[in-house]
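Let me begin by presenting the structure, written as structure tokens, before commenting on it.
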Amino acid sequence: MRPGGGPEGRGAGWEHAAEHIRVLVADDQEIVRTGLSMILGAQDGIEVVGEAADGADAIELAQRLRPDVCLLDIRMPGLDGIQATRLLAGPDVAEPLAVVVITTFDLDEYVYAALRAGARGFLLKDAGPALLAQAVRAAARGDALIAPSITTRLLSAFADAGPTAVPAQPLDPLTAREEEVLLAVARGRTNTEIAHELYVTLSTVKSHVANLMAKVGARNRVEMALWAYDTGRVRPGRR
């Protein structure tokens, strides 16, 4: 399915009408869980098919219902969101599910650990209905959406942690266009925003992002951003 609203899309209405995304919501706070379910349930083409109050219940429901997207809180009792993400979307999972983590972001290292565990999207709990729905739709399409503020926060957290070993440069050097796309990703831009900024099609941006991930050995957009920081291409706070 070609995302709508971009340089070559058919418009957001067409895309939302054509899709039906089944979502599992997991959060230990009932009021938050209910609120997230109500917000998502009010979106065209999105259906909440299950709710869980902890990671263990989320795993059981996800494996039984096989939703298109699992929306998980990081901090849950027992099996937390990081462990649940690893079991649902980790590199050793034969049939991984799409996971979006939503968090208050009070512990940056938890978010980074969840990225390594295989999560596909990250939002703050105050992101708002539009960005929440956008992240769920992106995850269902196989894309990733990470809130710009989270990308910036992660970069800042790793800068504060002190110097790290500089990763090796890719054997196949980045092209000038790939360098532009990499910097845009590191600054938290979505694929559509990058397409608009660089005057290219959405499919071209997706192709560049896929090539970049392969070249730098990243599994998601935040790992790409961290690689850009580690190699000196971008610095926290420099927009």
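The values are calculated or read from the model by the stated rules, or taken from the named source; none is laboratory data. The shown structure was predicted, so the numbers you read here are calculated from the model rather than taken from an experiment. Heads up, the Cβs are rebuilt from the backbone with ideal geometry, glycines too, and the neighbour counts pull from every protein chain shown. Quick note on the areas: whole protein, heavy atoms, side chains included, nothing else; ligands and nucleic acids left out. Shrake-Rupley method; radii C 1.70, N 1.55, O 1.52, S 1.80 Å.
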Of everything in segment 83-106, what is buried (at least 24 other Cβ atoms within 10 Å of the Cβ) and in a helix (DSSP H, G or I)? Give them in sequence order. ALA84, THR85, LEU88
All conditions in (1) within 20 Å of the chain's Cα centre (by Cα); (2) modelled with pLDDT of 95 or more; (3) over 28 Å from THR192 (Cα atoms); (4) open to solvent by less than 40 Å² (accessible area, probe 1.4 Å) are true of LEU61 except (1)
The conditions are (1) at pLDDT 95 or above; (2) surrounded by 14 or more Cβ atoms within 10 Å (Cβ to Cβ); (3) aliphatic (A, V, I, L, M), and MET38 fails exactly one of them. Which is it? (2)
Considering residues of segment 202-232 that are open to solvent by 50 Å² or more (accessible area, probe 1.4 Å) and either in contact with a Phe, Trp or Tyr (Cβ under 6 Å, 6 or more places away or on another chain) or in a loop (DSSP other than H, G, I, E, B) (or both) only, the residue modelled with the lowest pLDDT: ARG219
Within segment 178-189, track down each residue that is assigned to a helix (DSSP H, G or I) and not β-branched (Val, Ile, Thr). GLU178, GLU179, GLU180, LEU182, LEU183, ALA184, ALA186
For segment 190-200, how many residues are assigned to a loop (DSSP other than H, G, I, E, B), surrounded by 15 or more Cβ atoms within 10 Å (Cβ to Cβ) and modelled with pLDDT of 90 or more? 1
If you take the residues of segment 111-144 that are basic (Lys, Arg) and not in a helix (DSSP H, G or I), which of them is modelled with the lowest pLDDT? ARG120
Go through segment 64-82 residue by residue and tally those that are of a type outside the set (A, V, I, L, M, F, W, C) and buried (at least 17 other Cβ atoms within 10 Å of the Cβ). 5
In segment 169-194, how many are farther than 19 Å from GLY217 by Cβ and under 18 Å from the mean Cα position of the chain (by Cα)? 9
